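The next block holds one structure in the form of structure tokens; read it before the comments.
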Amino acid sequence: MFTSANVSERRQATPGLAISTVIFALRPSTGSGRPTLWLPLVRRVRQPHLKMWALPGGPLGHDESLSDAAARNLADTTGLSPRYLEQLYAFGGLDRSPGQRLVSIVYWALLQQDIAALAQESENVRWFRADDLDELAFDHNEIVRYALWRLRNKMEYGSIAYNFLGPTFTLAQVREVYEAVLNRPLDPANFRRQLRATVDIEPTDEFLQGGRHRPPRLYRYTGSDPAETPSDTNSVPSTTESEHRSNS
């Protein structure tokens, strides 16, 4: 319990600054085996929120940039070095952390499945379904919800989906990315027709082998680097984004 002296000290103390990261990857559902959206969490080993799951993160070093700190924290906790790493938002609610006020600069990362499979897992690092999380430490549930909103918003108009795929892919694999992120089924024939009409993918002379049916053709992405998707911060904010702004 905070005393009046504690409250006074808290108000006079310089706010702390930390870096957190939301890492999205497609992994098979434990039920259907179809690709679903997952993210790794770390178990806290100290107070506050001892033993609760939280987003990977840590303090900002005096001699490193924000993006370097995000990359370092990811490497330290999960062993991952994602190709897509973008600043998401700053969270600075007054009551988001007991004790010293804490402001978190949040980044988000997208991983291809083969890279996600290399993530270090242990008693204190584990993957979870992004849309089925229990209570996390601090305001990290709120952060994940906002990251999901941003990801789904970008899926509607950008090339961000290709960050989940390798250099070549089938049209069905692209549809699986959209279905996993949007969390709803899409009509295969209609999706294939729309995808073939886009100018940013082209067919290759290769086919995906190993199936029991006629092997599907492989395609490649030919547009600008999908890891450099333009920011959507100028889009009209939803209720969720407006609430985050009012709490920051």
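So for the stretch 160-226, averaging the separation of alpha carbon pairs under 8 Å that are six or more residues apart and normalising by length, what relative contact order in percent results?
Working: 71 pairs, mean separation 25.8, N = 67.
It comes to 39 percent, rounded to a whole number.
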Counting only residues 5 or more places away or on other chains, whose amide H sits under 5 Å from the amide H of ILE23 once H atoms are built in the peptide plane?
ALA109
Degrees separating the helix 171-182 axis from the principal Cα axis of the chain, which is the longest one:
30
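If you build the convex hull over the alpha carbons only and average its shadow over all orientations, what do you get for the chain? Give it in nm² to one decimal.
16.0
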Among all stretches of the chain without exposed GluC sites (Glu not before Pro) (DSSP loop, at most 11 other Cβ atoms within 10 Å), which one is longest?
1-120
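PHE128: net charge of surrounding residues, Cβ under 13 Å, Lys/Arg +1, Asp/Glu -1, itself excluded?
Numbers: positive: ARG27, ARG43, ARG126, ARG129; negative: GLU121, ASP131, ASP132, ASP134, GLU135.
Local net charge: -1.
With charges only on Cβ, +1 for K and R and -1 for D and E, what is the dipole size of the chain about its Cα centre, in debye, rounded to 20? Intermediate results must be reported in sequence, preceding the final value.
Details: 28 positive and 29 negative charges, 109 e Å.
Using Cβ point charges on Lys, Arg, Asp and Glu, the chain gives about 520 debye.
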How much mean residue ellipticity at 222 nm does the chain get from its helices, if each DSSP H run of length 4 or more adds -39500 (n - 2.57) and you divide by all residues, to the nearest 500 deg cm²/dmol?
-8500 deg cm²/dmol
Just to be sure I follow the definition: excluding the sites themselves, where is the longest run in the chain that has none of the chymotrypsin sites (Phe, Trp or Tyr not before Pro) in a DSSP loop with at most 13 other Cβ atoms within 10 Å?
3-156
Two-site label geometry, ALA13 and LEU66: point separation in nm, points 7 Å out along Cα→Cβ:
2.3
Just name one of GLY61, GLY16, ASN183: the one whose Cα is farthest towards the positive end of the charge dipole of the chain (beta-carbon charges, Lys/Arg +1, Asp/Glu -1).
ASN183
Can you list the residues, at least 5 places off or on another chain, whose amide H is less than 5 Å from the amide H of ILE201, using H built in the peptide plane?
THR222
Nearest 10 degrees, 0 to 90: what angle lies between the long axis of helix 66-78 and the longest principal axis of the chain (Cα atoms)?
80
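Values in this text are rule-based calculations from the coordinates and carry no lab data. If you're wondering where the values come from, they're calculated on a predicted model, not measured in any experiment. Every residue, glycine as well, gets a Cβ built from its backbone with ideal geometry; the counts of neighbours run over all protein chains shown.
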